[in-house]
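Working notes for the structure below.
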Amino acid sequence: MSHNTIENVYIELEQRLRAAVVAHLLKTVPELPAMAPETLVVDHPPKLEMGEFALPICFELAKRLRRPPRQLAQELAAAMPLPLGFAKIEAAGGGYLNFYVCRSEAMAALRANRNQLQPRLGAKVIVEHTNINPNKAAHIGHLRNAVLGDTWVRLLRRRGETVEVQNLQDNTGVQVADVVAAFQHLTVPANADARFDYLCWDMYAAMARHYESHPEDLAAWRGETLHAIEAGGNATAALADDIASKIAHCHLRTMDRLGVRYDVLPRESEILQLHLWSHAFALLKERGAVRLETEGKNAGCWVMERVGSLGKEGEEETKVIVRSTGTVTYVGKDIAYQLWKLGLLPLEFGFARFHEYDDGHIAWRTALTSEPRAPRFGGAEWVFNVIDVRQSYLQEIVVAGLRALGFDQQAEQSVHFSYEMVALTAACAAELGYAAEGGEGDGKRVDVSGRKGTGVKADDLIDRLEAQTLEQVRLRHGEEMPESEQREVAHQIAVGALRYFLLKFTCTTLIAFDFKEALSFEGESGPYVQYAAVRAANILRKAGRAPADAVFHNDPQAWNLLWQAGRLEAVVEQALATREPSHLAKYAFQLAQGFNNFYHHTPVLQETDAEKRAFLLQVVALAHRQLAAALELMGIAIPRAM
């Protein structure tokens, strides 16, 4: 295995094991039907002393052959040739087959450098995430979307996929229209010199309150504003464009604080003005995917019938695509956008530079005409739309639109990456001053609402995390660390705490953010994992460097750590296969635990045997490399100190 890498050792050993066991069974058990190696269940013993892999296959064979599973396991262990890279096979328990890895050979593979992985999708992938309406400041719920989407991008790129990151701007929708109407019809508050996205937050909430008390203005003001924005070429459309552009810059600066970046920001205004929607609408009518409603409350609207199991109980049988006023709903524009992402429209956007990051990376946005040498975007074979679970029905409508147009394969490769919402614990909300503002919840958590003006703005949350972390950094390193470095370390720990907290829960879990839990240096937290990586780096710095080669020592603590380190690529594949980045967070925590156990039981720098010390340093170097890789996949930096 010397040609392999630490990331591939675990996977290759498991693949060899599956192939060898299936080949032996098919050869020696004629009653067994054909089976693929990937269908073989592979478990892990509770302790490494019992082997690295455990197969329960004999329990299934026992039912088929009507023989005791323990007896079958003993016979197979005695007769089966050892797969390459393995040292021993044993029968265990009531019928398990336990396989022991040849540790010295595996160690040789662990020392190799990383090779480029082969992509599985093998084509261009678009990941669309964040997608905050450009009408007000980002809030904590948007952060979960951005962190999940960014981590998904990192996982795909780790596997070698070609990924384009998009952030759709709904700059012609109801939310932007309400802010525009607020500036046109309401009094701008006295804090108009405050940052613009915060001002718009207040204006949006004020407009919602006005509509509640003056419902007669809702249809008139909102309808007039939407019409003007969609038509373009007027003062209202210009104001909407100015507001949406300024807010988009604010959003990009907020997300950049977390290391989240984008390649292109498609805008719904260009979907309309460049006739992408008109073309898609014509196709939908031509294929009979939409129809004009002639009676009832949707009279005059173009609607799409519910398809199959779309929608939930109580929802309408049809979905409005074009309102009776002629304005297009979000889902209508999204169908056109999805067609463009998949390269299914003969029309194209122009592209213009929009935002330049500190390292020179450019976030482009759609425009009526392209700048010279502008890149080409869109035209992917796979599209992942990171959108919260409340939008599941609308996402199904978009896919139904693809199918209605005859694009069945593209519909299969148009994936809704869904997730649950974020709330605040009652203590966190109280600390931020939001509990008294009408937040809703179950007593243990406080839900947030941008329309009501309740909730925590993303930048306020990050600021508070950084301030709390900076206090601790100053207490620990105030004398020997310059102020600028203290702030950088505090920023890295705060971002690590936030990103890890948002990733450690499964996507289907509704989470309540809590400062104390997120910033804890104990338990399953970002700072805990960062601390383990800093410890490993400190050992390597004090030792000078890890040796390029070392004699393998069968030390149980060291091997346990190495085996955990070798599982990274398998975890990456698991996270990708299940669309569940929490597997990566769990792995990083367990690896940090493994390193801390090793650290407390193995005084590496005090080891007097030069040969063993060299081996232990190499173990530390490998663990540090894997911790760093796992953290990087989660968008988390390793600080110089903790």
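The values are calculated or read from the model by the stated rules, or taken from the named source; none is laboratory data. Note that the structure is a prediction, hence the values are computed from the model and not measured. So basically every Cβ, Gly included, is an ideal-geometry build from the backbone, and we count neighbours across all protein chains shown. Calculation scope for accessible area: heavy atoms of the full protein, side chains included, ligands and nucleic acids excluded. Shrake-Rupley method; radii C 1.70, N 1.55, O 1.52, S 1.80 Å.
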Across (1) under 23 Å from Val571 (Cβ atoms); (2) touching a Gly at 6+ places or on another chain (Cβ under 6 Å); (3) open to solvent by 50 Å² or more (accessible area, probe 1.4 Å), Phe59 clears everything bar (1)
Restricted to the range 319-348 and to residues being within 27 Å of the chain's Cα centre (by Cα) and among the hydrophobic types (A, V, I, L, M, F, W, C), the residue most open to solvent (accessible area, probe 1.4 Å) is Leu344
Of the residues in the range 350-376, those that are under 25 Å from the mean Cα position of the chain (by Cα) and not in a loop (DSSP other than H, G, I, E, B) number 8
Counting only residues that are part of a loop (DSSP other than H, G, I, E, B) and within 16 Å of Leu627 (Cα to Cα), the range 562-581 contains a total of 3
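Of the residues Glu52, Glu14, Glu105, which single one is in contact with a Leu (Cβ under 8 Å, 6 or more places away or on another chain) and closer than 30 Å to Leu622 by Cβ?
Values: Glu14 fails: in contact with a Leu (Cβ under 8 Å, 6 or more places away or on another chain); Glu105 fails: in contact with a Leu (Cβ under 8 Å, 6 or more places away or on another chain).
Among Glu52, Glu14, Glu105, only Glu52 is in contact with a Leu (Cβ under 8 Å, 6 or more places away or on another chain) and closer than 30 Å to Leu622 by Cβ.
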Could you check, for the range 361-384, whether at least one of its residues is within 28 Å of Asp202 (Cβ to Cβ), surrounded by 15 or more Cβ atoms within 10 Å (Cβ to Cβ) and at pLDDT 95 or above?
-> yes
Of the residues in the range 526-561 that are outside any helix (DSSP H, G or I) and of a type in the set (A, V, I, L, M), the one that is nearest to the chain's Cα centre (by Cα) is Ala546
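Pull up the range 590-617, narrow it to residues that are within 11 Å of Ala536 (Cα to Cα) and either surrounded by 21 or more Cβ atoms within 10 Å (Cβ to Cβ) or polar (S, T, N, Q) (or both), then point me to the one that is nearest to the chain's Cα centre (by Cα). Walk me through it before giving the result.
Quick first cut of the range 590-617, residues within 11 Å of Ala536 (Cα to Cα) only: 592, 595-596, 598-599, 604, 617.
Narrowing the set further to residues that are either surrounded by 21 or more Cβ atoms within 10 Å (Cβ to Cβ) or polar (S, T, N, Q) (or both) leaves 592, 595-596, 598, 617.
Details: Ala592: 21, Phe595: 26, Asn596: 27, Phe598: 30, Leu617: 33 Å.
So, considering only residues that are within 11 Å of Ala536 (Cα to Cα) and either surrounded by 21 or more Cβ atoms within 10 Å (Cβ to Cβ) or polar (S, T, N, Q) (or both), the one nearest to the chain's Cα centre (by Cα) is Ala592.
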(1) farther than 17 Å from Phe407 by Cα; (2) buried (at least 20 other Cβ atoms within 10 Å of the Cβ); (3) over 30 Å from the mean Cα position of the chain (by Cα) all hold for His251 apart from (3)
Over the range 30-41, the set of residues modelled with pLDDT of 85 or more and closer than 12 Å to Ile57 by Cβ is Pro37, Thr39, Leu40, Val41
Over the range 626-642, the set of residues open to solvent by less than 20 Å² (accessible area, probe 1.4 Å) and either hydroxyl-bearing (Ser, Thr, Tyr) or assigned to a loop (DSSP other than H, G, I, E, B) (or both) is Met634, Gly635, Ile636, Pro639, Ala641, Met642
Gly311 passes all but one of the listed conditions (1) open to solvent by less than 80 Å² (accessible area, probe 1.4 Å); (2) at pLDDT 90 or above; the exception is number (2)
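Check Leu252, Leu258 and return the single one that is aliphatic (A, V, I, L, M) and touching a strand residue (DSSP E or B) at 6+ places or on another chain (Cβ under 8 Å).
On the way: Leu258 fails: touching a strand residue (DSSP E or B) at 6+ places or on another chain (Cβ under 8 Å).
Result: Leu252 is the single residue among Leu252, Leu258 that is aliphatic (A, V, I, L, M) and touching a strand residue (DSSP E or B) at 6+ places or on another chain (Cβ under 8 Å).
Being within 30 Å of Gly406 (Cβ to Cβ), touching a helix residue (DSSP H, G or I) at 6+ places or on another chain (Cβ under 8 Å) and crowded, with 16+ Cβ neighbours inside 10 Å is the filter here, so list the residues in the range 349-360 that pass it.
Narrowing the range 349-360 to residues within 30 Å of Gly406 (Cβ to Cβ): 349-351.
Then drop every residue that is not touching a helix residue (DSSP H, G or I) at 6+ places or on another chain (Cβ under 8 Å), which leaves 349-350.
Within the range 349-360, Phe349 is the sole residue that qualifies.
If you check Ala518, Ala623, which single one turns out to be without any contact (Cβ under 8 Å) to a residue 60 or more places away in the chain and either in a helix (DSSP H, G or I) or among the polar types (S, T, N, Q) (or both)?
Numbers: Ala623 fails: without any contact (Cβ under 8 Å) to a residue 60 or more places away in the chain.
Criteria check complete, one pass: Ala518.
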